[in-house]
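Q: Mind having a look at this structure? Questions to follow.
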């Protein structure tokens, strides 16, 4: 885990996959001169892809936030676990009906990707997302359709979502509730640390794994995701994980930087 080969890997890569909170910013504050760092990466011909497990928000919501804090460029794009799930269904379950336990914003993303959504009829698939608009009626429909035999897919496995005061329940916590009630677990989970988002991106961009670098601050999601996809990985120490955490959780980084700003020393 030394950085001697980082220059070679960076020069080979075309796509930099970026976790956001803890990697680029904390709250609304940039980590160092992150705007300059991202501009430098673009000037070297790198395509920046902002990667998030949060399936409650639309792509545009993230674009707006990144623009507000001075990080987004029209050359970049945002890729969420929700969008990745919609694309996975479109590819693997074409024309199948879906009951989505998700927000209205995610429903719009699914519809934009040509996914057939249903409500009051038994679907072919049930998709569990991070539903910040959850109602008991929606939850009851979801478990009913599962018990009738619908294929069970989840956008991502995060148990908690960061919040200014406390952690709040995310899709992984919903999974545990549904498991306790039905005994069922998803047959497929798309988001980090699983490889679904990476497979989608390789197919969408017609690029092999050597063209991607995953940068993030969490070993068990960001770095484990990169490992599972076969991507090079960079752990930044600006967020959650420390050097001492390596080996205690899933995810072994190829390289370690104090922050992404240090990448300019290797490219």
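No lab work stands behind these numbers, since they all come straight from the coordinates. Quick caveat, the model's predicted, so the values are computed rather than measured. Cβ placement follows ideal geometry from the backbone for every residue including glycine, while neighbour counts extend to all protein chains displayed.
Q: For a quick protection proxy, order the peptides 5-12, 248-255 by their average other-Cβ count within 10 Å, most packed first.
A: 248-255, 5-12
Q: For 184, 17, 66, which order do you get if you count the other beta carbons within 10 Å of each Cβ and list the fewest first?
A: So the ranking, lowest neighbour count to highest, is 184, 66, 17.
Q: Indicate, rounded to the nearest 5 percent, the antiparallel portion of the DSSP beta bridges found entirely in the chain.
A: Close to 10 percent.
Q: Now, a different point. Once you've got the GNM for the chain with C-alpha springs shorter than 10 Å, pick whichever of 34, 75, 197 has the biggest mean-square fluctuation.
A: Comparing 34, 75, 197 in the GNM, the peak value goes to 75.
Q: Convex hull volume of the Cα atoms in region 82-189, per residue, in Å³?
A: 96 Å³
Q: I want to verify a result. In a Gaussian network model of the chain, Cα cutoff 10 Å, which of these has the top mean-square fluctuation: 225, 212, 167?
A: Checking each option, the largest mean-square fluctuation is seen for 167.
Q: Further, regarding this structure: For 256, 69, what's the fewest-to-most ordering of other Cβ within 10 Å of each Cβ?
A: Ranking 256, 69 by Cβ neighbours within 10 Å, fewest first, gives 69, 256.
Q: Okay, next question. Can you give me the C-alpha center-to-center distance between region 198-216 and region 31-70, rounded to a whole angstrom?
A: 17 Å
Q: Using 20 Å as the cut-off for backbone N distance, which residues of region 33-67 belong to the label zone defined by a point 7 Å from the Cα of residue 92 along Cα→Cβ?
A: 52-56
Q: Let me have the relative contact order for region 82-189, percent, based on Cα pairs under 8 Å that are six or more residues apart.
A: That works out to 23 percent.
Q: To the nearest 10 degrees, how steep is helix 81-92 against the longest Cα principal axis of the chain, on a 0 to 90 scale?
A: That helix lies at roughly 60 degrees to the long axis.
Q: By counting other Cβ atoms within 10 Å of each Cβ, how are 143, 263, 78 ranked from fewest to most?
A: 143, 78, 263
Q: Next up: What is the list of residues in region 196-218 whose amide nitrogen lies under 18 Å from a point 7 angstrom out from the Cα of residue 11, following Cα to Cβ?
A: The answer is 210-213, whose backbone nitrogens lie closer than 18 Å to the label point.
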